[in-house]
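Notes for the one structure printed next.
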Amino acid sequence: MIKFENVTKIFNQGTVDETILFDNFNFEVKKGEFVSVIGSNGSGKTTMLNLLCGSSPMDKGNLIVNNIDITKMKEYRRAKVIGRVFQDPAKGSCANLTILENMALADNKTGSFGLSTCVNKRKTDYYKSLLETCNMGLENRMNVPVGSLSGGQRQALALVLANMTDIDLLILDEHTAALDPKSSKTVMDITQKVIETKGITTLMVTHNLRFAVDYGNRLVMMHEGKIVLDLNEKEKQNISIDNILSKFNQISIECGN
């Protein structure tokens, strides 16, 4: 499904601040996997997502998605098959537009826009049915500006928007980090429901070790651009947060921290 092949990523190349984050990095995700990715700051988690989505270029290597080399594909073209939910709830929707207008735009992500209205009101009931799965009452607020919603409501909406078209891959970039504990749990439950319903391949970067353990069927830990822990579903079921913290501490000691 996804293959990083001998990928190299260098920051500030040719300067005194040059940093090689990925050096011949290889990583593969199978179709239908829900992978939780953890690691300390600067380990390469978000950079990996940026390389995959096309918002950051690679210096060397190839990136394969569904047997297609997308290494040189523009970001906007990748967005047709990749859905992404960001850490900041404000990045997943247009604040000044209503829920209905946001959903109409997302519904037409792979199409073109002319001079006609973008909102097809005949689809309102369909849009409401999607929102009902969130159990937040959003289906009753279709004409409310998205900017008036809470952070948890906006992230739930962002998840729905990201999955309205037939995407091949869902990217979750610390999408609960800006939420309070209750909202975080609600959004994670919605996330699980969406992924199970669509059977979509998912990469979730998170600093929440509880979520990393409880959700998904694979757990990956990164450090300095390398995979230092990779657990399949069975192995993941037998690991605890204490085990993961122990691994973090071991890495920290080895690095002299």
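The values are calculated or read from the model by the stated rules, or taken from the named source; none is laboratory data. Since the structure is predicted, the reported quantities are computational estimates derived from the model, not experimental observations. Here Cβ is always computed from backbone atoms with ideal geometry, including for glycine, and neighbour counts include all displayed protein chains. Note: areas computed on protein heavy atoms with side chains; ligands, DNA, RNA excluded. Shrake-Rupley method; radii C 1.70, N 1.55, O 1.52, S 1.80 Å.
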Q.
Run through region 47-139 and list the chymotrypsin sites (Phe, Trp or Tyr not before Pro) located in a DSSP loop whose Cβ has at most 15 other Cβ atoms within 10 Å.
A. Phe113
Q: Among Glu235, Glu33, Glu174, determine the one that fluctuates most according to a GNM of the chain built with springs between C-alpha atoms less than 10 Å apart.
A: Glu235
Q. What length, rounded to one decimal in nm, is gained on full extension from Lys3 through to Lys30, with 0.36 nm per residue of separation minus their alpha-carbon distance?
A. 8.8 nm
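If R0 is 30 Å, what FRET efficiency do you get for Glu132 and Lys182 from their C-beta distance, rounded to 0.05? Don't skip to the end; give the middle numbers.
Details: r = 20 Å, r/R0 = 0.67.
Once rounded, the FRET efficiency stands at 0.90.
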(Q) Percent of Cα-Cα pairs more than 28 Å apart in region 74-208, please. (A) 11
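I'd like the projected area of region 55-108, averaged over all directions, using the convex hull of its alpha carbons. Report it in nm² with one decimal. Kindly include the intermediate steps, with their values, before the conclusion.
Working: hull surface 19.9 nm².
If you wrap the Cα atoms of region 55-108 in a convex hull and average its projections, you get 5.0 nm².
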Q: For region 148-240, build the convex hull from the C-alpha positions and give me its volume per residue in Å³.
A: 113
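With N denoting the number of residues in region 12-148, provide Rg(C-alpha) divided by 2.2 N^0.38 Å, to two decimal places. Can you show the working numbers first?
Details: Rg = 19.1 Å, N = 137, 2.2 N^0.38 = 14.3 Å.
So the Cα radius of gyration is 1.34 times the expected 2.2 N^0.38 Å.
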Q.
At 0.36 nm per residue, and after removing the present C-alpha to C-alpha distance, how many nm does the segment from Glu196 to Ile241 gain when stretched out fully?
A. 13.8 nm
Q: Run through all the Cα pairs of the chain and give the fraction in each 10 Å bin from 0, expressed as whole percent.
A: 7, 29, 34, 22, 8, 1, 0
Q. Where in the chain are the helices, taken as whole DSSP H runs, whose Cα atoms extend 15 angstrom or more along the long axis and whose Kyte-Doolittle mean reaches at least -1.0?
A. 151-162, 181-198, 241-254
Q: At 1.4 Å probe size, with every protein chain present, just tell me what the per residue accessible area of region 97-199 comes to in Å².
A: 48
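Of the listed pairs Lys80/Lys121; Lys109/Lys226; Lys80/Lys193; Lys45/Lys198; Lys30/Lys121; Lys45/Lys128, which have alpha-carbon separations greater than 31 Å here? Spell out each step's value before the answer.
Numbers: Lys80/Lys121 23 Å; Lys109/Lys226 34 Å; Lys80/Lys193 22 Å; Lys45/Lys198 24 Å; Lys30/Lys121 38 Å; Lys45/Lys128 34 Å.
Listed pairs above 31 Å: Lys109/Lys226; Lys30/Lys121; Lys45/Lys128.
Out of the trypsin sites (Lys or Arg not before Pro) in region 13-58, which ones are loop residues according to DSSP with at most 13 other C-beta atoms within 10 Å? The partial results should precede the final answer.
Values: sites: Lys30, Lys31, Lys45; in loops: Lys30, Lys31.
Passing both the DSSP loop test and the Cβ count: Lys30, Lys31.
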